[in-house]
1. Using a 10 Å cut-off on Cβ to Cβ distances, tally the other chain neighbours for every residue of B:24-35 and report the average as a whole number.
2. Counting only other chains, and only Cβ atoms inside 10 Å, what mean value do you get across the residues of A:15-26?
3. In vacuo Debye scattering of the range A:1-92, one point per C-alpha: log10 I(q)/I(0) at q = 0.15 Å⁻¹?
4. Quick check: the angle from helix A:197-214's long axis to the longest principal axis of chain A, C-alpha only, nearest 10 degrees?
5. What does the C-alpha gyration tensor say about the overall shape of the protein assembly as shown? Classify as rounded when a/c is under 1.5, otherwise prolate if a/b is larger than b/c, or oblate.
6. Tell me, what is a quarter of the convex hull surface for the C-alpha atoms of chain A, in nm² with one decimal?
7. So what is the diffusion coefficient of the range A:54-128 in µm² per second by Stokes-Einstein at 4 °C and 1.567 mPa s, using a Kirkwood Rh over Cα pairs?
8. If you project the alpha carbons of the range A:38-94 onto their three principal axes, what span does each projection cover, largest first, in Å?
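Laboratory data are not the source of any read-out in this text; all were calculated from the coordinates shown. Bear in mind that the values here come from a model prediction, so they are computed numbers and not experimental data. Neighbour counts are summed over all protein chains in view; Cβ atoms, including those assigned to glycine, are modelled from backbone coordinates with ideal geometry.
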């Protein structure tokens with residue numbers, strides 16, 4: 001291509017973009033965080049109003065265990081939501097180490113606070129028939145946050161779409177298991193690792209497969 | 001009698017050094033005005049970014065790819081202009097977008113190369129190299145020699161894979177694996193170097 005052709009093509013594009021340009025509403029991450037918090041709060045209030053009786057029973061039966069579990073999952077949600085929002089900025093560097101640190105903190109907290117009582121057998125510890133319900137319910141509870149963060153991702157400019165997708169998956173999955181976990185009586189580490197961890201892993205896998213296609217560049 | 005040297009006081013500040021057309025640091029306020037609908041400011045932003053992109057890309061891609069990638073980066077700027085925060089400097093925001101589009105294009109070419117490798121065994125390739133030779137040579141120095149040799153023969157010298165297998169004394173599949181691994185390492189290196 002000759003230089004004059006290049007300049008013509010480039011100038012034509014610039015003129016076209018200038019001509020079609022309209023005022024835009026700036027992206028406001030603070031407002032997005034507030035919207036997400038509002039949706040989360042609504043979901044939490046709605047869920048507790050439907051399942052509130054169960055949650056009260058569960059908490060009164062094992063206050064320390066259930067509170068520890070809830071704190072761990074809430075902390076995971078907050079940390080990964082913040083990392084996901086950070087990754088929506090084009091200038092954000094790779095966050096692999098931060099992500100690993102957050103994951104390690106959550107796991108360490110779980111190891112020290114969750115119950116190690118396995119009930120005598122793998123069947124008793126893992127309770128597959130209840131675990132499947134837990135897994136599917138947690139995934140469905142993750143959906144509102146998953147969809148909201150996906151929409152925010154489309155409106156932002158993530159330059160590491162895969163990393164953003166992973167963070168959105170972990171954040172949404174953690175939120176799903178947090179909401180479900182408020183009325184789930186099980187606190188043994190094997191059950192949590194398999195069924196709660198499985199729900200987070202499946203949501204993250206779905207995010208990793210689906211979301212990079214949704215980043216609109 | 002000789003008079004003392006006359007010192008003349010010049011009013012006003014020292015003359016400002018003219019900024020080059022490719023200076024991105026002055027574009028923040030213009031981009032903020034563009035977000036509010038100022039077309040003249042937007043045109044100036046696009047022209048400066050275009051000029052900068054040509055310098056940025058000249059050292060990174062083959063000359064025939066510059067135009068396409070520059071236009072893609074300008075389109076990306078256009079689509080994502082609402083994500084610029086006027087309270088922050090413009091240059092890092094735009095450079096991150098330009099870098100993303102450049103690496104994205106390299107990834108796409110890499111994927112195409114992967115598919116083409118499957119059909120290339122009997123046919124000598126005439127396609128022009130995607131990356132400039134200088135950059136390629138620099139990257140090749142960061143990967144194991146056996147992988148670098150396979151890539152050099154395939155991508156720079158244009159040998160078909162079956163001939164590379166003969167030259168290196170390796171099987172065809174081994175040559176493919178070396179090229180695949182080498183390209184992957186080079187992409188990783190490239191991303192790390194520009195992170």
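1. Working: counts 0, 0, 0, 0, 0, 0, 0, 0, 1, 0, 4, 5.
Whole-number average of other-chain Cβ neighbours for B:24-35 is 1.
2. Numbers: counts 2, 1, 11, 11, 3, 2, 11, 2, 6, 9, 2, 9.
Partner Cβ neighbours, averaged per residue: 6.
3. Debye output, listed in q order: -0.84.
4. Tilt of helix A:197-214: around 10 degrees.
5. Working: a/c = 2.50, a/b = 1.41, b/c = 1.77.
Verdict is oblate for the protein assembly as shown.
6. Values: hull surface 61.9 nm².
Result: 15.5 nm².
7. Details: Rh = 14.7 Å.
D = 88 µm²/s.
8. Each principal axis gives a Cα extent; for the range A:38-94 these are 47, 24, 9 Å.
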